[in-house]
Amino acid sequence: ATLLVRGHFVAENGAKIFDGKVGYDLRIHVYAGKPYARLAFTLRNDGWYGYRNESRRGQRRPRQWLYMKGLDLDVPFADGPAADEAWQADLCGKTIPLAGGQAATGTLWYKYPSHTARDRNDETQFEKEELGRAALAGMKWQDADFYWLLENGPEPVAERGAMPGRIGLADAAGRPYASLAVRRFRQNFPGGFVARAGPDGRAGLSFRMFPPGGYWPRTLAAFENRTVQFEGGRRKTADALLSFGPTAGAGEDALRMLDEPLYARAPTAWYRDTAAVLPLANAGLRADEPEMDEALARFDRLQRAKVVLEAGDPAGPGKLGRDNWGKVSIPNLWERAPEEFMGWMNYGDLIWTFGYCSLYYGWPYSMLIHWLRLGDREFMDVAEDMARHRYDIDQYHVEDTATHLGGFQRLERGEHGHLSRQEKFRGRNTSWEGNARASHTWNRCLLLHWALTGDPRSLEAARQNGRAFHRFFYVQHRLGERDELHWQEYRTPAWAMDNWLALYEYTGEPEWLERADEIFTKTLLAMEAANGRQGHILEDGRQPVQFLSYIVEPVCRLHHWTGRKDAVLFLDRVLRWQRAEGSTRGFEKDGLYWQTLWVEGSWNHRPDITQPAGPATPHYNLLLADGYAYLAHVLGAREHGRFARKIYWEYMLHFGLPRTGISREDRMPLGYHDRGYVFMATPKIHAFSGRYGQLFMAVEEGL
């Protein structure tokens, strides 16, 4: 059974905070015959973020940010040993006697380095109290590591290292009574536990989700006020396991249940053949030529290298933060740079040039499909951590606001509320976080996570995204009342299509398919028709390959579910034009190989060009290979199939290598990096390299 307890917090005078928008959801899961309960606690601030242009009906929406000193999740017990019996706590690996009215508190902290992995000066110079705590653990100024502080009496005790994510309570004889374990405790620092022995003999345990003395962001003001900033529209979930009786002392088992739970996984073909996940290609595909066999094998190894360190190649020297990262996987990167990637606001996200990327392009989806394809447990673990960040931190959980903001995903340029660290973007001052927006929202990752785990928070956020797109196009831009709606940034209606199609595929609700069908007709198809049905979505073909590549899969999906002939013919015209007029098409010259380059802006094309007269890139090969392969499959167009193979092969062997002539024998090292960098555009490149290519491989497999 599951019990949902929902409430809101009030001020000391009894007034609701932000009219009741600050509250919590607590799901209590209990199981027949099992001596434990699972607790899923979500802190909610459903107030407005206060974006620079956040308004509704002409009314400005102010910031509704919560500043708190701490937050404990208390678990009191209704009965226990008799009042004259003593208690003892198992905390930080120590047994601590507790008499009536006493408490033992253990808190995990992290001592930040003076320079972070992004080569930034950290604000440690004012953390005198934190340095005092660290000094108890024998840590020096230059040290950077976890440490814990145990307070049970007049003299606190501190030790270097991470404390276990569990506290136990036993009677004086050491018989276990109860324990409380928390998922990913160390990774979501700071945090702590309290064991209490009441004066009446009864006791309780507490999880210190935000312990007193902690603060966020890492600024002088937050440090001096000991406040944790929690901006409007964000949430934060903690999962705990409350165990009772003799098994409550099995601390390692409790932590494994939380951090390494069992997951059910059917054979890959089952997900594909039942259309549960489409497209989805089996692992270990073979082709009829050695270089294609190598490309297909490298695709699978690249995915594994993102989560399994041993599967990758050394990244080589880098210039940002570290001289040489060596081999890099995502879990390994999170561990090696905890000051950047861990902590209650950061864990599960990735960093690129302009800050945290908010898991753009549906990162959890990439992890989940390769869990289904390849079976490596690490994919599912990373997907879980990412999905939780996506639905808690990366989602703007507000719908009663401006239609261009409410319910969308957070933008991929931010510092999770640490505004003083905002990067400059295109030379502009960005001491604020950019708007959540329709052009940067993906929900397929949430829906697959919900389908595989049953996590209701994923489904809730995905539905928010679907409603947000509906308000944006049907309310703000009156799509239902128009015959045509021309949209210069035409990736946005394509993302609406994908969000709505995902909701249709995972919920079966037909209105989502109907909306995807309508927006395609009135935007992409209408725009290309207005330009003479020549493959030009924008006038004179001035369309960047980036936007074009994003529309490919949504259009293929729409054709698959509706059978619309005009949809596949539209895609045929557009991709024929792009290949002829918007790419170098790849060639050999003077013993070197020149990769296919795609126009990123508007430039004059020459087939034998060695350096485009404008920005061009090979990084969209994988996305476009899906489109050309689908056309070959549906229309029987062999030239599309041959070209799809060519650009897939180029990508998997040469992506990231120089674009102006290489040897055919050159190979890009595989792993979570790009030319030796783990920041820069790496999250974007590998969001593509994991998310796309499935349709091409499914066609190769003969589906």
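The values are calculated or read from the model by the stated rules, or taken from the named source; none is laboratory data. Bear in mind the structure is a predicted one, so any value in this text is a computation, not a measurement. Glycine also receives a Cβ, built like all others from the backbone with ideal geometry; neighbour counts cover every protein chain displayed. Ligands, DNA and RNA are excluded from the accessible area calculation, which covers all protein heavy atoms including side chains. Shrake-Rupley method; radii C 1.70, N 1.55, O 1.52, S 1.80 Å.
Do the conditions hold for Tyr628, that is, is it more than 23 Å from Leu368 (Cα to Cα) and buried (at least 20 other Cβ atoms within 10 Å of the Cβ)? Yes: the conditions hold for Tyr628.
Residue pairs whose Cβ atoms lie under 7 Å apart, separated by 6 or more positions or on different chains, with the first residue in the stretch 1-14 and touching a residue at least 12 places away in the same chain (Cβ under 8 Å) and the second open to solvent by 60 Å² or more (accessible area, probe 1.4 Å) and basic (Lys, Arg), are His8/Lys16. Across the stretch 15-57, the number of residues qualifying as farther than 24 Å from Arg388 by Cα, open to solvent by 50 Å² or more (accessible area, probe 1.4 Å) and more than 26 Å from the chain's Cα centre (by Cα) comes to 9.
Taken over the stretch 431-452, residues that are within 16 Å of the chain's Cα centre (by Cα) and under 25 Å from Arg27 (Cα atoms) amount to 8. For the stretch 443-456, the set of residues classified as farther than 18 Å from Glu511 by Cα and crowded, with 24+ Cβ neighbours inside 10 Å consists of Cys445, Leu446, Leu448, His449, listed by residue number. Of the candidates Thr430, Thr403, the single residue that is open to solvent by 10 Å² or more (accessible area, probe 1.4 Å), modelled with pLDDT under 90, in a loop (DSSP other than H, G, I, E, B) and out of contact with any strand residue (DSSP E or B) (no Cβ under 7 Å at 6 or more places or on another chain) is Thr430.
Within the stretch 118-130, if we keep just the residues that are open to solvent by 50 Å² or more (accessible area, probe 1.4 Å) and outside any strand (DSSP E or B), the residue that is modelled with the highest pLDDT turns out to be Asp119. When the stretch 621-680 is filtered for residues that are among the polar types (S, T, N, Q) and under 25 Å from Pro544 (Cα atoms), the ones remaining, listed by number, are Asn621, Thr660. There is no residue in the stretch 443-458 that is in contact (Cβ under 8 Å) with a residue 24 or more places away in the chain and under 20 Å from Ser55 (Cβ atoms). With respect to Pro554, is the statement that it is open to solvent by less than 10 Å² (accessible area, probe 1.4 Å) and either within 16 Å of Pro493 (Cβ to Cβ) or out of contact with any Phe, Trp or Tyr (no Cβ under 9 Å at 6 or more places or on another chain) (or both) true? The answer is yes for Pro554. With respect to the conditions (1) assigned to a loop (DSSP other than H, G, I, E, B); (2) within 26 Å of Ala221 (Cα to Cα), Tyr67 lacks only one, and its number is (1). There is at least one residue in the stretch 362-381 that is in a loop (DSSP other than H, G, I, E, B), at pLDDT 95 or above and within 30 Å of Phe408 (Cβ to Cβ). Considered as a group, the residues in the stretch 475-506 that are farther than 16 Å from Thr441 by Cβ and free of Cβ contacts under 8 Å to residues at least 12 places away in the same chain include one that is surrounded by the most Cβ atoms within 10 Å (Cβ to Cβ), and that residue is Arg478. Just one of the listed residues (Glu339, Glu423) is open to solvent by 10 Å² or more (accessible area, probe 1.4 Å), over 28 Å from Ala276 (Cα atoms), in contact with an Asp or Glu (Cβ under 9 Å, 6 or more places away or on another chain) and not in a loop (DSSP other than H, G, I, E, B), namely Glu339. Within the bounds of the stretch 565-574, is there any residue that is out of contact with any helix residue (DSSP H, G or I) (no Cβ under 7 Å at 6 or more places or on another chain), in a helix (DSSP H, G or I) and not charged (D, E, K, R)? Within the stretch 565-574, one or more residues are out of contact with any helix residue (DSSP H, G or I) (no Cβ under 7 Å at 6 or more places or on another chain), in a helix (DSSP H, G or I) and not charged (D, E, K, R). β-branched (Val, Ile, Thr) and under 30 Å from Arg373 (Cα atoms): which single residue out of Thr268, Thr227, Thr247, Thr219 fits that description? Answer to the selection: Thr268. In the set (1) at pLDDT 90 or above; (2) touching a Phe, Trp or Tyr at 6+ places or on another chain (Cβ under 6 Å), Ala266 fails one condition alone, (2).
With respect to Lys684, is the statement that it is assigned to a helix (DSSP H, G or I) and either touching an Asp or Glu at 6+ places or on another chain (Cβ under 6 Å) or closer than 24 Å to Pro331 by Cβ (or both) true?
yes
Each row is one residue, and each column tells you yes or no for (1) closer than 26 Å to Tyr365 by Cα; (2) open to solvent by less than 10 Å² (accessible area, probe 1.4 Å); (3) in contact (Cβ under 8 Å) with a residue 40 or more places away in the chain; (4) not in a loop (DSSP other than H, G, I, E, B).
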residue: Val634; (1), (2), (3), (4): yes, no, yes, yes
residue: Arg645; (1), (2), (3), (4): yes, no, yes, yes
residue: Pro658; (1), (2), (3), (4): no, no, no, no
residue: Pro669; (1), (2), (3), (4): yes, no, yes, no
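Scanning the stretch 270-314 for residues that are crowded, with 18+ Cβ neighbours inside 10 Å and β-branched (Val, Ile, Thr) yields Val277, Val307, Val308.
This table checks each residue for (1) among the basic types (Lys, Arg); (2) assigned to a loop (DSSP other than H, G, I, E, B); (3) modelled with pLDDT under 90; (4) closer than 30 Å to Ala254 by Cβ.
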position	(1), (2), (3), (4)
Leu4	no, no, no, yes
Glu12	no, yes, yes, no
Phe18	no, no, no, no
Leu26	no, no, no, yes
Ala32	no, yes, no, yes
Thr42	no, no, no, yes
Arg63	yes, yes, no, no
